[in-house]
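Throughout, read-outs are computed from the coordinates displayed, never taken from laboratory work. Since we're looking at a predicted model, the values are computed, not measured. Here the Cβ positions follow ideal geometry from the backbone for every residue, glycine too, while neighbour counts run over all protein chains shown.
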Amino acid sequence: MPDTDRTSTNAGLEGLAAAEGVRNSADSPRRSTIESPDQYAIVEVAGSGLFGHPLLRSLASPSVSMFRPALVSFEAAVAAAVNAMRTGPAIDCAAVLLGTSVLTRVASVPADIDILVYFSVDESQADASADARVRADTIARFLTVLSDSVCARGGENPLAFVRLNVFVPLTHSGYPGAVKEYCCSWSREDLQIGSTVASLGSIELQEALGRGGQPVLTLSTALEGAPIMIDVRLDLYRRSGTGLVPTVMDAHTTWAGTLATSPRGARLPQEVEQSMLQRDPSATAQSAALHRREAHAVLKAGPRRYPKALKYAVQGLAFGGHIESAMVLARFLGSRECVSASFGSRLANLLTAARRRWTDRASLHDATRRLAAEARARLQAPHDPGHASPPDGNMSEFLERWERDAKSDPRDPRTWASLGQTARGLQSLADLPALGFLRANFDALEAMPKLRLELKRHSAA
Amino acid sequence: MNPAPGNPAVSPRAPESARVDPYSAMELPGSHLYAHPRVAPLIGQSASALLPILGAIESALREHQADIPGSIQAEWSVCLLGSVAMSRLAPFPADVDGAVHLALRSSAPVPDQAAAKSILAKASAACLVALVDAVADRAASILEFVNVETSIPVRVPEMPGRMGAYTAQWSREDLVIGTTLASLGSVPLIEVFEKGGNAVVSFAADLDGLRTVVDLRFEPVILCDETCGKRLASPGVCHWLGRLWASEESARRAAGLEREIAGSVRGYEPATVSIKIIDRSAADSLAEGRRAAKALKHAVLALGLVGEAAAAEALSAPLRSWIGQAATIATRLALLVQQARGHWAAPDVLAHQATLLRARLSAVPVAEAHADDLQRLRIATDLWDSGSGMEPDDPSRWASLHRAAQGLADCSNAAALAWLRQHADAFRLLPMLSAAVRAAASGSAT
């Protein structure tokens, strides 16, 4: 993986200048907005073979192409699954890359790969309740076939099934603490059986989906030799006479941060967004992108997850057209603390798989060894003193401990507990610096007043 | 439906525990196992096959010095319970149910009930981890750790069919870390006990050459020291009757603990309490579906506890016939599938065990079964055989075996339910079970 950290911010600004159809307001850089002649233009990002909105040129470097093989492999699995669904209503799918893995110009080490699948089912309007049942059945069958399809594919970029989670909304949980989501988890065996044994008893996949559950498929692959998890979220829509309608509450409406492997692949996300915006005439694609990310950032800042809040702020400002402000904040994403936090998250994902027996411990332990070597190489590489602090004692200590645990007995649960502490330690290294950075660059958050308010509250506390 | 032959002649009557010391125990001849004299007739020689399992747990706990916080002293005792303690009547157990009692005594004053609960929760969590470490590390050649399942009582209005318990699974890594990832978020182990939850530790062990699951209920009871002047939270009593002990010392400890608790509860009568619990368990088994054989086992145990050993033996006839064996094999197969679904054991190990179990099914004498039952058994075995032809890591194999287990369970359930209906008079002293049988009968009629 090339080290883009040193040049991230400058390259980002150059990318900004090169973006087609994007123009900054010269007199007020902090309030810069996009005045694109076509907010739904599609361009290739820097010869990466990935296509999306022109704005992404300022955030994604050519190295974003490293994610393309995984996306192509997954698309092939999706295509095979769609072909296998010969009966039932017609379905349409498009898989896109999104999240922080798109930000390769400013954050070179992703914690994971996020893929969003736009999944739409053709429905009549004759009987909505019958359609809902058919839809749940169709999606359940698709997920089972897709899981088989993923596992059946070998080749140069093999993907492995890890888990299917379905997040069912619960507004009035009887469990103390008022948790809002009920996460049911399916192994491949559970998928074949059609049910899982969850915390409140056995539940069928159709029922979880019928209750408005949002499916998230977790896969794994190797990225430049080291393991990485892929979170695939399905945004579910029904296609009826009035266009595309989301069937879950939390559907994404902003295609601005998504990358597809072809211009054709970017069209369904675009259609979804246009359909959504038609329902809210006061909204624009940019304002929707900005407000959505701001809401996420506020949610993350609440429990003091400042690095994550900062990432959402960068995305929101960029997609909302406040490019310069976004680039000011993006400086932090190239810091050594952020890189260490990303490795911490990747390690934490492996630990979760080990704790839940999603993958066998021996191969996961081997994966931690490869990831430790990758982390050592990346964290010891020279960083731009302009936007990175030198490695401190804690970081070295965590790395040494990680390397020691990666040689320990994988059957010993204490090995994994220790790796968990290392993961948490690495993740926490960026917490306070991120808050400090946000405070120091408060002006850049002018377009996100709710986030500013939340951060002020923290400062006061 | 053709139930197994036999006609129990029972005249139900009230428990007669007043005439028998409820806390006495006798050694079963030649087995080194201890039980209440009322239960002893239900236990056969084959129960001694369980001795190595109990002994391994006992010796592991004896050697282990638990790291208990503060001024808490812990005293362990181990027993078997449920139908596995009745090997004369059900010689081939579906699984092994056991319990570890833990008497926690505080030698320091405790200011209030909230503090008591907190002390109990911390000590219980520490002892649960110590129990798993002790057995998993010291008895690894006999018992292989599977997982821990905790339950917290909850009410979820949005999921009315699933009210009752919020369960969470724990790997050993989770136990060391002290939290698990459950459906509603991360759960700390201490919180489980703070919220009145309980835990079952599962191990796998070989029994008669077949892998079976050993479920150990973790039953902490906290008592204060005399100097404290206060009784701390007592979440439950030991329900001493109907259990099987691996050593005289364990039996004595448990009986002493129950006697101590009973002494502080006005009107507590061990046999009455035990039978009420058994009645509820039997009714619950029937309500869960596919568990009529289990309900029958409970009814038999209850008869034994009131001293009706002959009637118990007569009522238990189906447990020794194809009905009981098919139910047992169905449960065992379901446990193998469950372990495969949760990836708690290697697929090839589980597949081999399923093959051994299939051979056991072939040996079940089905001559007495009705033609309809035979047809259902054939369908289930066809599903089983079809699944067995697939690779161990092929999820379709386990889906097929899952359906086979359900088919077997349905078949034996229908036959056991018919038997229960025919002999409803025999268990009139179990009102909840009687009502459940009537409800199941009317449900099947409609």
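For the range A:88-219, the normalised intensity computed at q = 0.10, 0.15 Å⁻¹ comes to -0.40, -0.87 (log10 of I(q)/I(0), Debye sum over alpha carbons, equal scatterers, no solvent). Quick one: Karplus J couplings for the range A:422-437, per residue in order, coefficients 6.51, -1.76, 1.60, θ = phi - 60°, nearest Hz, x for Gly and Pro? The phi angles translate into 4, 4, 5, x, 5, 5, 7, 4, 8, 4, 5, x, 5, 5, x, 5 Hz.
Whole-Hz Karplus values for the range B:167-181 come out as 9, 9, 9, 10, 8, 5, 4, 4, 5, 5, 6, x, 9, 10, 9 Hz, taken residue by residue from phi with 6.51 cos²θ - 1.76 cosθ + 1.60 and θ = phi - 60°; glycine and proline positions read x. A straight Cα-to-Cα reach below 21 Å connects residue B:276 with the lysines B:294, B:297, residues fewer than 8 places away in its own chain not being considered.
Can you give the relative contact order of chain A as a percent, counting alpha carbon pairs under 8 Å and 6+ residues apart?
This gives 17 percent for chain A.
Report, in listed order, any pair from A:311/B:195; A:311/A:450; A:300/B:117; A:300/B:195; A:308/B:117; A:300/A:407 with a Cα-Cα distance greater than 26 Å. A:311/B:195; A:300/B:117; A:300/B:195; A:308/B:117; A:300/A:407, as the Cα separations exceed 26 Å there.
Report the calculated FRET efficiency for residue A:222 and residue B:425 (r = Cβ-Cβ distance, R0 = 45 Å), to the nearest 0.05.
0.10
Close amide H partners of residue B:146, meaning residues 5 or more places away or on another chain with modelled amide H under 5 Å apart, are B:202, B:203, B:204.
Find the relative contact order for chain B and round it to a whole percent, using C-alpha pairs within less than 8 Å whose residues are 6+ positions apart.
Relative contact order here is 21 percent.
Per the Debye calculation on the protein assembly as shown with a single equal scatterer at every Cα and no solvent contribution, log₁₀ I(q)/I(0) for q = 0.11 Å⁻¹ amounts to -1.32. On the beta carbon distance between residue A:90 and residue A:264, with R0 = 22 Å, the FRET formula returns roughly 0.80. Our coupling estimate for the range A:115-124, obtained by passing each phi through the Karplus curve with A = 6.51, B = -1.76, C = 1.60 and θ = phi - 60°, is 10, 10, 10, 7, 10, 10, 10, 6, 9, 8 Hz, Gly and Pro reported as x.
If each DSSP helix of 4+ residues adds -39,500 (n - 2.57) and the sum is divided by the residues in the protein assembly as shown, what number results at 222 nm, nearest 500 deg cm²/dmol? Write out the running numbers ahead of the final one.
Working: 29 runs with 417 residues, N = 907.
It comes out at -15000 deg cm²/dmol, rounded to the nearest 500.
Close amide H contacts of residue A:198 (hydrogens built in the peptide plane, cut-off under 5 Å, sequence separation of 5 or more or a different chain): A:203. Applying 1/(1 + (r/R0)^6) with r as the Cβ-Cβ distance of residue B:310 and residue B:260 and R0 = 56 angstrom yields a FRET efficiency of 0.95. Close amide H partners of residue A:162, meaning residues 5 or more places away or on another chain with modelled amide H under 5 Å apart, are A:218, A:219, A:220. Electrostatic tally near residue B:386: other residues with Cβ closer than 15 Å to its Cβ, Lys and Arg +1, Asp and Glu -1, net 0.
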